[in-house]
Amino acid sequence: MKILVTGCVGFIGFHLCESLLNNKNIEVLGVDNLNSYYSIRLKKLRLSLLKKKKKFKFYKIDISNCSKLKKIFKKNKFDIVINLAAQAGVRYSIINPIEYVSSNILGFSNILDLSKKYKIQKLFYASSSSVYGDQKGFPIKENRKLFPKNMYSLSKKNNEEIAEIYSDHYGIKTVGLRFFTVYGEWGRPDMLMLKYMMAKMNDKVFIINNKGNHYRDFTYIGDVIKILIKLIFSKMKKKHEVFNICSNNPMSVKFVLNRINELFGKPKIKFKKKLKIEVYKTHGDNTKIKKITGFKKFTDIETGLLQLVNWSKKHLKKI
């Protein structure tokens with residue numbers, strides 16, 4: 001089986017490729033543009049680990065470049081495509097919104113159209129919990145009305161809508177993955193936990209909005225990958241499905257940072273008001289994903305944090 005993974009040296013993409021490559025019957029072709037949104041050094045470290053695997057091939061390509069992507073699809077007969085390439089970051093979407101149009105909308109449309117042309121069996125793509133926006137009543141099921149609050153979440157909602165249309169018109173099986181605040185080893189240094197520890201390590205000030213009185217459905221990377229592996233090989237009844245990928249166990253940002261203070265140390269702190277683009281709480285219902293995959297044993301926040309902190313003590317200086 002041959003699988004294309006775009007965004008292969010991103011946080012989730014890297015871990016997913018590693019897991020897929022443990023199966024001797026799977027070849028993985030990875031695509032990434034290695035952009036500088038966060039540490040290129042970290043991305044190259046991830047890539048160096050993947051390149052040690054015999055059944056892994058890498059191409060440096062931006063998915064917004066359709067002609068280069070087409071050559072990859074034409075040369076390889078992919079069974080499954082997993083699109084994890086996207087411009088990430090809610091706050092960055094205020095500074096540079098056009099990036100989200102280029103990568104998240106145009107790039108994804110290229111992936112969809114080539115998947116149609118080359119008759120891909122199944123296409124999985126990264127969506128986000130941010131498509132829900134601010135909600136009342138938790139946990140949130142997949143059929144809840146969506147209220148994106150920024151260009152990032154709007155681009156993800158757009159992906160889901162385009163995927164559904166392609167599935168209806170062309171019969172492609174597409175699966176949207178609404179990730180909820182994934183954390184863990186080899187994570188993104190622009191996200192809360194690693195950013196907080198790096199501020200302590202580099203003696204920098206860390207800004208906390210709303211005094212940390214936000215709630216996030218933190219989901220450990222190991223659980224996410226186990227779920228994805230099971231989902232990839234599950235039978236889909238519908239042409240287009242979306243799934244919450246979450247622990248169904250929200251924690252306050254304040255609680256998480258206090259635990260990191262105890263395990264790693266506390267940086268200098270500056271408090272600011274809640275940003276308009278931020279949602280107060282994310283809390284997903286994971287009944288649907290548990291039913292189709294049978295995965296039920298989620299890593300508790302204490303265990304996940306300890307593993308991340310132990311990894312960070314060894315690796316943060318390298319990134």
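Table for the structure above
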| read-out | value |
| --- | --- |
| Shape of segment 266-319, Cα gyration tensor, a/c cut at 1.5 | oblate |
| Net charge, LYS268 excluded, C-beta distance under 10 Å - Lys, Arg +1, Asp, Glu -1 | +3 |
| Gyration tensor (alpha-carbon) shape descriptor, segment 1-112, a/c threshold 1.5 | oblate |
| By average C-beta atoms within 10 angstrom, highest first, the peptides 213-224, 113-124 | 213-224, 113-124 |
| Set LYS145/LYS200; LYS68/LYS290; LYS43/LYS211; LYS55/LYS157; LYS145/LYS230 screened for pairs whose C-alpha atoms are more than 29 Å apart | LYS145/LYS200; LYS68/LYS290; LYS43/LYS211; LYS55/LYS157 |
| Restraint check, LYS2/LYS117; LYS2/LYS235; LYS235/LYS288; LYS53/LYS156, Cα-Cα greater than 23 Å | LYS53/LYS156 |
| 20 °C / 1.002 mPa s Stokes-Einstein diffusion coefficient of segment 229-278, Kirkwood radius on C-alpha pairs, µm²/s | 138 µm²/s |
| Qualifying aspartates and glutamates (Cα of each under 20 Å from Cα of LYS44; at least 8 residues distant if same chain) | GLU18, ASP32, ASP62, GLU185, ASP190 |
| Most to least packed among 175-188, 195-208 [average Cβ atoms within 10 Å] | 175-188, 195-208 |
| Rounded, prolate or oblate (a/c below 1.5 giving rounded, otherwise prolate when a/b exceeds b/c) for segment 203-262 by Cα gyration tensor | prolate |
| Nearest-20 debye value, segment 208-319 charge dipole, Cβ charges on Lys, Arg, Asp, Glu | 340 debye |
| Reference-scaled alpha-carbon Rg (2.2 N^0.38 Å with N residues) for the chain | 0.96 |
| Farthest positive-ward along the chain dipole, Cα basis, beta-carbon charges - from ASN248, ASN210, PHE264 | PHE264 |
| Mean residue ellipticity (222 nm) of the chain, computed from DSSP H runs ≥ 4 via -39,500 (n - 2.57), nearest 500 | -11500 deg cm²/dmol |
| Sorted largest first, extent of segment 181-291 alpha carbons per principal axis (Å) | 51, 28, 20 |
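A short reminder: the numbers here are calculations on the coordinates, not readings from a lab. What you are looking at is a predicted structure, and each value in this text was computed from that prediction instead of being measured. A quick note on method: Cβ atoms are made from the backbone with ideal geometry, for glycine too, and the neighbour counts reach across all protein chains shown.
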